[in-house]
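Student: Structure provided below as structure tokens; questions to follow.
The values are calculated or read from the model by the stated rules, or taken from the named source; none is laboratory data. All values derive from a computational prediction rather than experimental measurement. Cβ coordinates were reconstructed from backbone atoms using ideal geometry, including for glycine residues, and neighbour counts include every protein chain displayed.
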Amino acid sequence: MNPCPKFKESTWDRYNRDLMPAELVCFNPSCRTRYPITEVIYNCPRCGALLEAVYPPAPDPGHLKKLWRERRMNNTPLDQSGVWRYREFIPFLDSIDVVVSLREGNTPVLNAPKAAAYGGLKRLAFKHQGFNPTGSFKDNGMTCGVSQGVRLGMKRVACVSTGNTSASMAAYASAAGLDPIIFIPHGNISYGKLAQALEYGARTLQVEANFDQILALVRTLAERTGIYLLNSMNPFRIEGQTTIMVELMDQRDWRAPDWVVLPGGNLGNTSAFGKGLRQMLKMGLIERSPRLAVIQAEGSAPFYNLMQTEARDTLTAVKHPETLATAIRIGDPVSWPKALHEVTTSGGVVEKVTEQEIADAKALIGACGIGCEPASAATLAGIRKLTAAGVIDRDADVVAVLTGNVLKDPDYIYRYHTGQLKAPNGTQIRPAFGNQPLVVPNDPERIEALLADNTRES
Ligand SMILES: *Cc1c(COP(=O)(O)O)cnc(C)c1O
């Protein structure tokens, strides 16, 4: 059942034996109740707020940097994982025997001069989480969530999602020998990602209810039948996603960039990046933190709206969130209190972008030979806006995180390039970087003449 062989002589084992155990702590500053790390809870039983894993003080940062670098040359599955290689950073398990890994993480940092110019920057690098086993950063979190499920002795896991969460959960649960169950709202299906979930063997239940009703239903079922929930509020998914920032800093020899830019939906990733950066600062792994820039789609921007208010103490949900970037079509983001804390702590900003801006930025990222799904492209669209406004400096050292793979949404791509893409409100998207397939005669001379026309190259 467990694809990872036991890793002997690990500092991990020593580390966890010698120190106090990890705990779950309520994120609400006026509650802060602590719970054992093995308690099956998703919110604070006392006040209902989000939970966060906290750890005892960590070993010497110099030792960790050396150890983590050495592990890149090791062929054991655990060290090959771009999450578990950094296991001292997320020491919530007491044994690594329960870990289920598909060699997640290990995602590249890619320089993109063309995208930099488009974004108004001298240089820009993409950290591309679409290189993950199921094609999105959800894998970084899911390896942790599912491993915790195995540790708790769970046989079934579930989530409410039609997107990358269900694809990732299905893969990791099946790899672990657990039974994955996906709940989806009736008549609201994203086929590309659902196809992955079906292929990875998840039982998929369509319920005649909306997202919130289904979440309530699944919580009831979870309590009654011992199903482990792997939705956004699962604190162990956030833990896994913190290592995206650790891997980034490791790849940059621990030199922090000025900005890390990412799309915001449920805001779990924003929370994870902020937590990871704070923890790295505290451990002495980095000397300063980058600022976070979170980009939302205009039709689905409750967090952006919150940041415009004076008090910033209540998030007003967007009733009918709309965007073609379905991964960030979230009206009532679960993790907003954490994300607010992280954006504020890092001196960050929140921006919003239009459907047209996302679509053109996406095609430009594609034209760099990189490519990504629509939600990811909000980053470059946001950078362009933030440099134009003077918020991000032209000379700044910027890393944008591309969250999902280009093949997640081929229908969007084809429509864009052929001029058939429409925003949810019916507005036609004009393809600034359109690239139509051409029908040509079976005639070498005509094709030669056609290819001699280099106007496309401008
Ligand atoms: C889930 C997801 C997002 C949104 O991340 P949050 O943590 O919900 O803010 C963005 N892009 C892709 C591709 C995703 O799968």
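Student: Asp411 is checked against (1) away from the ligand (no atom under 16 Å from the Cβ); (2) among the charged types (D, E, K, R); (3) at pLDDT below 95 and fails just one. What number does that condition carry?
Tutor: (1)
Student: Keeping to the range 160-180, report how many residues are surrounded by fewer than 22 Cβ atoms within 10 Å (Cβ to Cβ) and outside any loop (DSSP other than H, G, I, E, B). Break it down stepwise before answering.
Tutor: Initial filter on the range 160-180 (surrounded by fewer than 22 Cβ atoms within 10 Å (Cβ to Cβ)): 174-175, 177-179.
Those still in the list that are outside any loop (DSSP other than H, G, I, E, B) too: 174-175, 179.
Of the residues in the range 160-180, 3 are surrounded by fewer than 22 Cβ atoms within 10 Å (Cβ to Cβ) and outside any loop (DSSP other than H, G, I, E, B).
Student: Which one of the conditions (1) within 16 Å of the ligand (Cβ to nearest atom); (2) farther than 28 Å from Ala170 by Cβ does Thr134 fail to meet, given that it meets all the rest?
Tutor: Only one criterion in (1) within 16 Å of the ligand (Cβ to nearest atom); (2) farther than 28 Å from Ala170 by Cβ is unmet by Thr134, namely (2).
Student: Hey, among Leu277, Leu292, which residue is in a helix (DSSP H, G or I), touching a strand residue (DSSP E or B) at 6+ places or on another chain (Cβ under 9 Å) and within 30 Å of Leu67 (Cβ to Cβ)? Show your work before the answer.
Tutor: Details: Leu292 fails: in a helix (DSSP H, G or I).
Step by step, each of Leu277, Leu292 is checked, and only Leu277 is in a helix (DSSP H, G or I), touching a strand residue (DSSP E or B) at 6+ places or on another chain (Cβ under 9 Å) and within 30 Å of Leu67 (Cβ to Cβ).
Student: Another question, if that's okay. For the range 285-304, name all the residues that are of a type in the set (S, T, N, Q) and under 20 Å from Ile392 (Cα atoms). Spell out the reasoning first.
Tutor: Narrowing the range 285-304 to residues of a type in the set (S, T, N, Q): 289, 296, 300.
Listed by number, the residues that qualify are Ser289, Gln296.
Student: Can I ask one more? Does Thr323 qualify as being among the polar types (S, T, N, Q) and surrounded by 18 or more Cβ atoms within 10 Å (Cβ to Cβ)?
Tutor: On the way: among the polar types (S, T, N, Q): yes; surrounded by 18 or more Cβ atoms within 10 Å (Cβ to Cβ): yes.
Criteria met by Thr323.
Student: Something else now. Taking Val157, is it at pLDDT 95 or above, in a strand (DSSP E or B) and away from the ligand (no atom under 16 Å from the Cβ)? Explain how you work it out, then say what you get.
Tutor: On the way: at pLDDT 95 or above: yes; in a strand (DSSP E or B): yes; away from the ligand (no atom under 16 Å from the Cβ): yes.
In short, yes.
Student: Does Ala327 fit the bill of being within 11 Å of the ligand (Cβ to nearest atom), in a helix (DSSP H, G or I), under 20 Å from the mean Cα position of the chain (by Cα) and farther than 19 Å from Ile392 by Cα?
Tutor: On the way: within 11 Å of the ligand (Cβ to nearest atom): yes; in a helix (DSSP H, G or I): yes; under 20 Å from the mean Cα position of the chain (by Cα): yes; farther than 19 Å from Ile392 by Cα: yes.
Yes: the conditions hold for Ala327.
Student: Of these, Gly120, Gly62, which one is surrounded by 14 or more Cβ atoms within 10 Å (Cβ to Cβ) and either without any contact (Cβ under 8 Å) to a residue 24 or more places away in the chain or in a loop (DSSP other than H, G, I, E, B) (or both)? Step through it out loud before you land on a result.
Tutor: On the way: Gly62 fails: surrounded by 14 or more Cβ atoms within 10 Å (Cβ to Cβ).
Of Gly120, Gly62, the one residue that is surrounded by 14 or more Cβ atoms within 10 Å (Cβ to Cβ) and either without any contact (Cβ under 8 Å) to a residue 24 or more places away in the chain or in a loop (DSSP other than H, G, I, E, B) (or both) is Gly120.
Student: Residues of the range 310-324 being in contact (Cβ under 8 Å) with a residue 60 or more places away in the chain and more than 12 Å from the ligand (Cβ to nearest atom), which ones?
Tutor: Of the residues in the range 310-324, the ones in contact (Cβ under 8 Å) with a residue 60 or more places away in the chain are 322-324.
Correct list: Glu322, Leu324.
Student: I'm checking my understanding of the structure. Among residues of the range 335-352 that are within 12 Å of the ligand (Cβ to nearest atom) and under 21 Å from Asn234 (Cβ atoms), which one is surrounded by the most Cβ atoms within 10 Å (Cβ to Cβ)?
Tutor: Ala339
Student: Follow-up question, since we're still on this one. With the structure loaded, tell me whether Asp397 is within 30 Å of Gln308 (Cβ to Cβ), acidic (Asp, Glu) and modelled with pLDDT of 95 or more or whether it fails that test. Walk me through it before giving the result.
Tutor: Working: within 30 Å of Gln308 (Cβ to Cβ): yes; acidic (Asp, Glu): yes; modelled with pLDDT of 95 or more: yes.
Taking the combined requirement at face value, the residue satisfies it.
Student: Now, a different point. Can you name every residue in the range 234-261 that is on the phi < 0 side of the Ramachandran plot and either touching a His at 6+ places or on another chain (Cβ under 7 Å) or not in a helix (DSSP H, G or I) (or both)?
Tutor: Asn234, Arg252, Arg255, Ala256, Pro257, Asp258, Trp259, Val260, Val261
Student: Could you identify the single residue in Ala167, Ala197, Ala175, Ala216 that is free of Cβ contacts under 8 Å to residues at least 60 places away in the same chain, over 25 Å from Leu50 (Cβ atoms) and of a type outside the set (D, E, K, R)? So that I can check it myself, show each step before the final result.
Tutor: Details: Ala167 fails: over 25 Å from Leu50 (Cβ atoms); Ala175 fails: free of Cβ contacts under 8 Å to residues at least 60 places away in the same chain; Ala216 fails: over 25 Å from Leu50 (Cβ atoms).
Just one listed residue meets the conditions, Ala197.
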